[in-house]
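Values in this text are rule-based calculations from the coordinates and carry no lab data. All of these numbers come straight from a predicted model, not from anything done at the bench. Using ideal geometry, Cβ is built from the backbone for each residue, glycine included, and neighbour counts are taken over all protein chains shown.
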Amino acid sequence: GLLVCETSTIRKQQQQQRQQQQGDYNHRDPSGVSRPSQLVDLILADNYLEQLDPAIVERLVNLQRLDLTCNKLKELPHQLGFLSRISALSLAGNPLTTKFKSSDLNDPKSLLQILRNRAPKEVQSTHQYDILYKTSSDCNDTAPILLVQH
């Protein structure tokens, strides 16, 4: 009787541990969707997107690459202009109502500046820009980065 009881207790404990681990796994979000501030690459190509939610866009503070090709976007939110880390932005195949120069479309920094300039004046004044020089630990180069302070 004692051996059966111990085996039953061990099985229950193992089952509880498995359920807890499964529950923990279900709460993880490896895609980063629930934590937009942690996203670095975001590929939204071919998704029939008609608009970008400005509240989500402004939380993508670490975004470096954004692919929005072949969607239904007519406008870009000015909040996109304040994402200072973007180095690659793909917009081809969208029916944008604002016509950008092809040189601006090929230069993310230029396009972001245009979007920043479209922000309401009160929004522009709340963002202060400082050019900082940061040395990467991976290389000897010192490169300017744009830091957005909120």
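Working ranking of peptides 66-77, 91-102, 50-61 by packing, defined as the average number of other Cβ atoms within 10 Å per residue, highest first, is 66-77, 50-61, 91-102. Backbone geometry of the range 71-82 corresponds, through the Karplus equation with coefficients 6.51, -1.76 and 1.60 at θ = phi - 60°, to 3J(HN,Hα) couplings of 10, 10, 5, 9, 9, 10, x, 4, 4, 4, x, 8 Hz, x marking Gly and Pro.
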